[in-house]
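Comments concern the structure below.
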C-alpha cells in the first residue's frame, strides 16, 4: 500500500469570538520540507507543532497555514493619544490642512497604534490542536487515495513490461538464427577458405556473448519484487526507486545484446514504460 506525497487537508474551528482555519498542503520532496505560517500569538507553539506534523508526514514539501478571524468585539489594537497629539502638533507647523487631515496622517505614524499580544489560552489551544489533527487525518486520507491511483498505474505498467519481456523471449530463437545466418554470410563473402569446425566453435562463443538468459531471469525477478513491495504494508518510494533502477539495468543490457531490430523495438517500449514509472515514483512517499 503506497501513499502519494501530494495531498491537501483543511479543517475549520468555530470558537466563541474567532474562527480558526487550518490548511495543510504537500508536494513531493526527497525529505520533509516544512513551511509554517501562523499568527505571532501562536508562535510559542511552533516547535511542538513541528514535531506533531513531522510525526505524521515523514516526507514532502509541506505548507502549514493557521489563520484566525475575529468574530466578536475583541480588539488587540490601542491608539496612543499622547503620541498622536504630538504628531499633530508637529504637522501643524509643517503643512497646511484641517485637523482631520492631520489626524489621518498622525495615525499612520510609528507608535501611534500599539498592538497587545494576546496570551494563548491552553484550553483554546487544545481545541485548535484537535482541529490540526483532523486536518492531518484529512491529508493522510488524500495521500492514500492518490497512492491507490498510482499503485494501479504501476501495476498496469509492470504488467506491460512483463508482457514485452515474454515477447522478447518468444523471438529470441529467431534472433539467434538471424545472427548465425549473418555471420555465415559475412564469412562466405570473404571468399576465403576456413576451418568449418573452428568456425563453429567461434560462432558458439560469439553467440554466447549475446545470450540473455541471465538478464531475463533477473528482470522477471525484479518485476515480481516491485509488485511485492508495492503491496506491502509500508509505503516505500525510495525502495521502489532502487528496484526500478535494477529493472532499467537489465532492460539496457538486453538492448545492448539484442543485435536484432524486432527485439530492440520491444526494448524501447519497455524503456518507455519504465520511464513513466520512474516519473511517478518521484511522488511516492
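Where a number appears in this text, it was derived from the coordinates with a stated rule and is not lab data. Owing to the predicted nature of the structure, the values given are computational and were not obtained by experimental measurement. Every residue, glycine as well, gets a Cβ built from its backbone with ideal geometry; the counts of neighbours run over all protein chains shown.
Residue exposure proxy: 18, 85, ordered by other Cβ atoms within 10 angstrom of their Cβ from fewest to most, comes out as 85, 18.
What FRET efficiency comes out for residue 29 versus residue 99 if R0 is 51 angstrom and r is the Cβ-Cβ distance? Round to the nearest 0.05. The computed FRET efficiency comes out at 0.35. Working from label points 7 Å from Cα in the Cα-to-Cβ sense, the residue 89 to residue 153 distance is 7.0 nm.
Between residue 126 and residue 276, the distance separating the two model label sites (each 7 Å from Cα on the Cα→Cβ line) works out to 5.3 nm. What the Cβ-Cβ distance of residue 169 and residue 137 gives, at R0 = 41 Å and to the nearest 0.05, is a FRET efficiency of 0.30. Here the calculated FRET efficiency for residue 246 and residue 67, from their Cβ-Cβ distance with R0 = 41 Å, stands at 0.30, rounded to the nearest 0.05. The stretch between residue 47 and residue 82 holds 8.7 nm of extra length on full extension. This uses 0.36 nm per residue minus the Cα-Cα distance.
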